[in-house]
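Everything on this sheet refers to the single structure shown next.
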Amino acid sequence: MRPQILFPLFAEVTSLKGVGAKVEPLIRKLAGPLVRDVLFLAPSGVITRRRANAADAVEGEIGIFDVIVDRMIAPGRPGVPLKVRASDETGFVHLIWFGGSPQHIDRQLPRGERRLVSGKVERFNGEVQIVHPDWIVALDKGEEIPAVEPVYPATAGLTSRVVRKLALGALAVAPELDEWQDAAWMARQKWPGWHEAIEALHAPQGEADLSPDAAPRQRLAYDELFAHQLALARRKRARQITPAPIIAPGDVSEALLTALPFTLTGAQAQALAEIRRDLASGEQMGRLLQGDVGSGKTAVAALALADAASAGFQSALMAPTEILARQHYQRLAPMLEAAGAPTILLTGRDTPAERRDRLAALASGQAKVAIGTHALFQDAVQFDKLALAVIDEQHRFGVNERARLQAKGDPRVGGVHLLTMSATPIPRTLELTQYGELEVSRLMEKPPGRTPISTAVLPLARIGEVAQRLKAAVESGAQAYWICPLVAESEAIDLAAAEERARDLRRLLGVEVGLAHGQMPGAEREAVMADFADGRISVLVATTVVEVGVDVPNATIMVIEHADRFGLAQLHQLRGRVGRGAKSSACILLYGGQDGGLGETARERLETLRRSEDGFEIAEEDFRLRGGGDPLGLKQSGFPAYRFADPIRHRSLLLAAADDARIMLGRDPDLTSPRGEAIRVLEALFDWKTDRGGLD
Ligand code: ADP
Ligand code: MG
């Protein structure tokens, strides 16, 4: 329940003075639906004005000039600006408007009168000019021109000044709140209290106050991160107190381990041990298996499936696409079945008869393992004793989809253990924001027997050479991916470019060239991919990202056109499609357009890939080079949208907030202490549960 003290902040924006029918939709779009959202809208800039004169005014500064109006030169024809010449004791100040109303301007600046005029100083032929002055007042109204004026994000129809009025309106109803931060920590950080911080947020005195490192902004960022980490820690606790079946390895696990054509790497063995500890704990597991492409996550997952079967339970392995699900099934089912775990495949393309039989086998408990796509969590699917859900490429699923699969458990059996797998190499700190409620196992070591991928960075102008080398390779039996990314504004143009590329290559190579793109019906695309996976096609041209996770060991060449348009992490994942077998592999990154130009940063970025095959190193480097932002596309993958916090800039705060949340809930799980009570207000203030982000 929301604490009463927060009611004014959770009122609709319409409760603010100045929000009528016209402003309401604009401010909602800009800030959000609530007064709180307007309160949290931080200024994005600040204007500082200084008294200036025509002789010494510095270009680029905002000056306040004390002038006598000389004359107005109205535009003779359209497109010519309106000018007013004025002067102070030291020289001329020209005021300029594009499209201003002469009557209105004349009224503000009557000839011969003295006025204070403010605006950004430009110099032209040694004289000052101001385009669109931001203030014009009579001499005795000088105090109306603020020396310091915060600038807010604005939008068409809603100026920064109106937004500021609304923000001040929100500030006026912001209550004083009891301190929720630890007293010793606050003292060490020398941060202001919450109300003081939010006041300071709206009263920057200069650029320094806009920095994420300014004390009030740090404080607010910490509040936000802390509230989010609390929400994640609470969910983690809720999971941990959910009883779940105790699973220990047994016959099926043993048999599968023997049947695997390799021995586990140290990293795989370690991850498996961590999973087994969870499965045997009696608490519900929530674990992320994080490992670069090709690191061998599937084998680890398969052993967990076998463990569940050994203990007499059912398990499910869900993949985001039909082709991935099929690939998992084709590889794992024979081994699992031989080991004593009957396994079924469920996808959207099963015939009604197949589907009926498979559903019956699941419901009766005869089938122990279900591998499939989204088809797995449909209502008609019923398990007898589901105990473990494994989600491959977890970012491809929504929170609800994972939850729907987990909900297929039986309360009498207990909570369904969850193992999610991801190959998105996000830096460790960021992991906290996205997966703070999960335990993490990492596969840092690649399976043996891989030859490194040699990566070349070449200008697009050398595409002819690349094609010739590809021809030689294909003639000796190699398979290749050729990626044409989205470049043009319109998908149709991109598609045409990819089709043309496929035609060119077909002509040049004299072999079958497949084309997979985003606008194809799913089934058709998967059929092409399957042809490639089975070696019926030598070259696959693709516009969209090649299915992450598909394993085609014979594919040894990856050509990426316009590589400079991709994020590094994405390029790394694409490159990970090759180098999966014993044969040596090559990745060719073609950059630049017709002119072949490439900025220094872009080149440096691609060079990173040439140097490194370590996804984590690459992700860190990508962050460094791009200076934050969202290089990995995290926002699309359930990454929380913070208002104050920048998880990269505020990295150390994030770590502290995660510790703080864990320790606090450990000490006072129901938040009944005085600090706990204050923290509950903080939680309500940010409202992570219903708001945004995070993994449920
Ligand atoms: P990912 O982590 O990207 O899902 P996969 O599980 O598809 O990787 O494994 C990639 C390849 O490595 C597969 O061909 C798999 O058979 C092989 N592999 C996995 N573990 C080992 C191992 N311990 N030794 C040798 N090869 C392995
Ligand atoms: Mg995989």
Problem - Signed unit charges on C-beta, dipole axis of the chain, positive-most listed residue His195, Leu82, Thr321 - result: Thr321
Completion exercise
Neighbours of Ala138 by Cβ distance under 14 Å: Lys/Arg at +1, Asp/Glu at -1, summed charge -1
Fill in the blank from the handout: Of the listed pairs Lys29/Lys408; Lys190/Lys236; Lys83/Lys141; Lys120/Lys190; Lys385/Lys446, those with alpha carbons more than 29 Å apart are Lys29/Lys408; Lys190/Lys236; Lys120/Lys190; Lys385/Lys446
Practice task
Send over a whole-number figure in Å² for the accessible area per residue of the chain, probe 1.4 Å.
Solution key: 44
Problem - Reachable lysines from Lys471, criterion Cα separation under 22 angstrom, eight or more residues apart if same chain - result: Lys583
Fill in the blank from the handout: The distance between the Cα centres of the stretch 29-92 and the stretch 273-327, in whole Å, is 63
Exercise for the section: With no solvent and one equal point scatterer per Cα, compute the Debye intensity ratio I(q)/I(0) for the stretch 251-443 at 0.11, 0.16, 0.17 Å⁻¹ and report its log10, rounded to two decimals. Expected result: -0.44, -0.97, -1.11
Practice task
Work out Dmax and Rg for the stretch 46-151 from the C-alpha atoms and quote the Rg first, both in angstrom.
Solution key: 13.0, 37
Exercise for the section: Determine the relative contact order of the stretch 96-151: mean sequence separation of Cα pairs under 8 Å and six or more apart, normalised by residue count, in whole percent. Expected result: 34
Completion exercise
Note on the chain, DSSP bridge orientation, antiparallel percent to nearest 5 equals 35
Handout entry: Environment charge of Glu512, counting only residues whose C-beta is closer than 11 Å and scoring Lys/Arg +1, Asp/Glu -1
Key = +1
Exercise for the section: Quote the charge dipole size of the stretch 46-151 about the Cα centre in Debye, to the nearest 20; the model charges only the Cβ of Lys and Arg (+1) and of Asp and Glu (-1). Expected result: 380
Exercise for the section: Mind listing the long-range amide H neighbours of Ile73? Cut-off is under 5 Å, sequence gap 5 or more, other chains count too, H placed in the peptide plane at 1.01 Å from N. Expected result: Lys83, Val84, Arg85
Handout entry: Length-normalised contact order for the stretch 453-612 - Cα pairs under 8 Å, 6+ apart - percent
Key = 34
Practice task
With a point put 7 Å past each Cα toward its Cβ, work out how far Glu337 is from Val399 in nm, to one decimal.
Solution key: 4.0
Problem - the chain: calculated mean residue ellipticity at 222 nm from DSSP helix runs of at least 4, using -39500 (n - 2.57) - result: -12000 deg cm²/dmol
Problem - Within straight-line cross-link reach of Lys17, aspartates and glutamates at Cα separation under 17 Å, skipping those fewer than 8 residues along the same chain - result: Asp37
Practice task
Run the accessible area of the chain with a 1.4 Å probe and give the carbon-and-sulfur part as a rounded percent.
Solution key: 52
Handout entry: the chain, relative contact order [Cα under 8 Å, separation at least 6], %
Key = 13
Fill in the blank from the handout: If every Lys and Arg gets +1 and every Asp and Glu gets -1 at its Cβ, then about the Cα centre the stretch 453-612 yields a dipole, in debye to the nearest 20, of 600
Handout entry: Sum of side-chain charges, Arg469 neighbourhood, beta-carbon under 14 Å (Lys, Arg +1; Asp, Glu -1)
Key = 0
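The values are calculated or read from the model by the stated rules, or taken from the named source; none is laboratory data. Predicted, not measured: the structure shown is a model, and the values here were computed from it. Cβ coordinates were reconstructed from backbone atoms using ideal geometry, including for glycine residues, and neighbour counts include every protein chain displayed. Keep in mind that these areas ignore ligands, DNA and RNA; they rest on the heavy atoms of the full protein, side chains included. Shrake-Rupley method; radii C 1.70, N 1.55, O 1.52, S 1.80 Å.
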